[in-house]
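**Q** Quick one: this structure, given as structure tokens, is what I'll be asking you about.
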Amino acid sequence: MKDLNLPANLKDKIYQINVNSQNDFSKIISYFPLSADEKHLIVTLMNDSKSFNGFHSIFSDHISEQEWNKSKAQIIKHFQDELFDIN
């Protein structure tokens, strides 16, 4: 599988990166919507992934970088706990 070599602060914000059968990036799912600069960095690191279907987020709220850094561990844990409760 391809690796985007994302900076750690951006990697934390991403829940899942999907690839297609040709091993090309097809979808990136983040916890919250990414900023335009973050999206631009990711697209640049992809090096022309023609099958890329765009960015998606689990939550629609926009949060600041400061708010994310303050509560990211709780947000990720809460979300993962919710998924386990579904099964």
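The values are calculated or read from the model by the stated rules, or taken from the named source; none is laboratory data. Predicted model only: the values in this text are computed from it and were never measured. Don't worry about glycine lacking a Cβ; one is built from the backbone with ideal geometry, like all the others, and counts go over all protein chains shown. Heads up: the accessible areas ignore ligands, DNA and RNA and are worked out on the full protein's heavy atoms, side chains in. Shrake-Rupley method; radii C 1.70, N 1.55, O 1.52, S 1.80 Å.
**Q** Looking at region 63-87, I want the residues that are under 12 Å from Asp12 (Cα atoms) and have a partner that is surrounded by 10 or more Cβ atoms within 10 Å (Cβ to Cβ) and at pLDDT 80 or above with Cβ atoms under 6 Å, at least 6 apart or on another chain. Which pairs are those?
**A** Final answer for the pair search is Lys72/Asp12.
**Q** Still on this structure: Restricting the search to region 1-59, which residues are assigned to a loop (DSSP other than H, G, I, E, B), touching a Ser or Thr at 6+ places or on another chain (Cβ under 6 Å) and closer than 28 Å to Lys70 by Cα?
**A** Passing the criteria: Lys13, Phe32, Pro33.
**Q** Please pick out the residue among Asp37, Asp81, Asp3 that is at pLDDT 90 or above and of a type outside the set (Val, Ile, Thr).
**A** Result: Asp37 is the single residue among Asp37, Asp81, Asp3 that is at pLDDT 90 or above and of a type outside the set (Val, Ile, Thr).
**Q** Every residue in region 3-39 that is of a type in the set (Val, Ile, Thr) and more than 10 Å from the chain's Cα centre (by Cα), please.
**A** Within region 3-39, just Val19 meets the criteria.
**Q** Sticking with this one: Mind checking which pairs have a first residue in region 35-54 that is open to solvent by 60 Å² or more (accessible area, probe 1.4 Å) and a second that is not in a loop (DSSP other than H, G, I, E, B), Cβ under 6 Å, 6 or more apart or different chains?
**A** Correct list of pairs: Lys39/Phe55; Asn53/Ser26; Asn53/Lys27.
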